[in-house]
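The structure appears right after this line, and notes come after that.
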């Protein structure tokens, strides 16, 4: 089974150990919620650090195959039954080699590589500045990528070297999925368990923010970007307009196993559009499916065709599960879906930018960190709590079929 896989995705060093897992929402009873923010300075003996977790991406064409190898070596992306876990690396290598040419071409169409490292680093700098303005002048923000440099292990080494005593772990995925936040947290959990002496609570008190899709600040930042894009349209364009949220898909079996991703996406979009205005028509769809298994639907390309057939002339596209520009916004949406929409008769294709360095978004990230720091800690092991159920035999067959299908 394939997890959160960029459709054009395609590094030679594996960062994972293959295991089959099943899913339930992480530590729901202790999920961090919005609290009033206090901005009193930290005590001088405490060193505050924030670890931003993200996907990562190849920065040069020659990085693509190695990046893909790391991606498909992740058992949360290709989930094999336990008996087949020893061949995870072999499958990853075959898939990476098969998909590298197509993926390399996709990256070349957006300049040769992914901008996600640069943008995430800029977000880290902006967040550090926001925390300074909120009364935490010594806070440091680190970036840990799942599948390419700087890897999570590299970020953790920096945190250790800097002597951080309070660490807030913040995945840059608003909605939780086992294949995004869950995968990144699993790596972090492994690192912590391998060096308990360093990462015990007496030395480094850490807490995890599992999801933040329902925060008022996040939803308002999204709504503001959408409203701004709509305001740029003429009255004639607005007269035949729909806002289309496009989220990264995951296999339906993930949702059936308890992954909260779909529910969180739906609630998020509804909340954002309540802020935009009830008079605005909108829809939600899912992109980037691969393999023969059933993914979350409706699919973005099919929705575009249906809207065009209905006579729609203006489409405002919102990348909802992404907070920075990367291959899925710049190539899949901006090139592939734009071409499809115009070919099918849609006249105006308006893409809302990812949040990136939006000032209100960065400020809310700062508030989120302070709130998490002030609440009881949610440890990575608790955030990683998974159900003990195993995949059925039918599911296991489907997983293996999916893995081999990606070779096509």
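The values are calculated or read from the model by the stated rules, or taken from the named source; none is laboratory data. Because the structure is predicted, anything quoted here is derived from the model rather than measured. Quick reminder, even Gly has a Cβ in these numbers, built from the backbone with ideal geometry, and neighbours come from all protein chains shown.
What to note about this one:
- Scope region 336-365; condition closer than 20 Å to residue 209 by Cβ and surrounded by 17 or more Cβ atoms within 10 Å (Cβ to Cβ); matching residues: 354, 355, 356, 358, 361, 362, 363, 364, 365
- Some residue of region 228-238 being touching a helix residue (DSSP H, G or I) at 6+ places or on another chain (Cβ under 6 Å) and either assigned to a helix (DSSP H, G or I) or surrounded by 19 or more Cβ atoms within 10 Å (Cβ to Cβ) (or both): no
- Residue match in region 147-157 (condition: modelled with pLDDT of 95 or more, under 18 Å from residue 329 (Cβ atoms) and not assigned by TED's automatic domain parsing to the domain that holds residue 269): yes
- In region 190-204, the residues that are crowded, with 17+ Cβ neighbours inside 10 Å and either modelled with pLDDT under 95 or more than 13 Å from residue 144 (Cα to Cα) (or both): 192, 199, 204
- Checking 179, 183 one by one, the residue that is surrounded by 23 or more Cβ atoms within 10 Å (Cβ to Cβ) and touching a helix residue (DSSP H, G or I) at 6+ places or on another chain (Cβ under 8 Å) is 179 and no other.
- Filter pass, residue 368 being crowded, with 16+ Cβ neighbours inside 10 Å, in contact with a helix residue (DSSP H, G or I) (Cβ under 9 Å, 6 or more places away or on another chain), farther than 18 Å from residue 288 by Cβ and at pLDDT below 95: no
- Filter pass, residue 9 being within 21 Å of residue 292 (Cβ to Cβ), assigned to a loop (DSSP other than H, G, I, E, B), at pLDDT 55 or above and not assigned by TED's automatic domain parsing to the domain that holds residue 180: no
- Top-ranked residue in region 308-335 [being more than 28 Å from residue 171 (Cβ to Cβ) and in contact with a helix residue (DSSP H, G or I) (Cβ under 8 Å, 6 or more places away or on another chain); ranked as surrounded by the fewest Cβ atoms within 10 Å (Cβ to Cβ)]: 309
- Unmet requirement for residue 247, which otherwise passes all of (1) surrounded by fewer than 23 Cβ atoms within 10 Å (Cβ to Cβ); (2) in contact with a helix residue (DSSP H, G or I) (Cβ under 7 Å, 6 or more places away or on another chain): (1)
- Positions within region 307-321 being part of a helix (DSSP H, G or I) and under 17 Å from residue 336 (Cβ atoms), in sequence order: 307, 308
- Being under 25 Å from residue 76 (Cβ atoms), outside the structural domain of residue 333 (by TED's automatic domain parsing) and modelled with pLDDT of 95 or more holds for only one residue in 264, 175, 287, and it is 175.
- Qualifying residue in region 128-139 (condition: closer than 24 Å to residue 322 by Cα and in contact with a helix residue (DSSP H, G or I) (Cβ under 7 Å, 6 or more places away or on another chain)): yes
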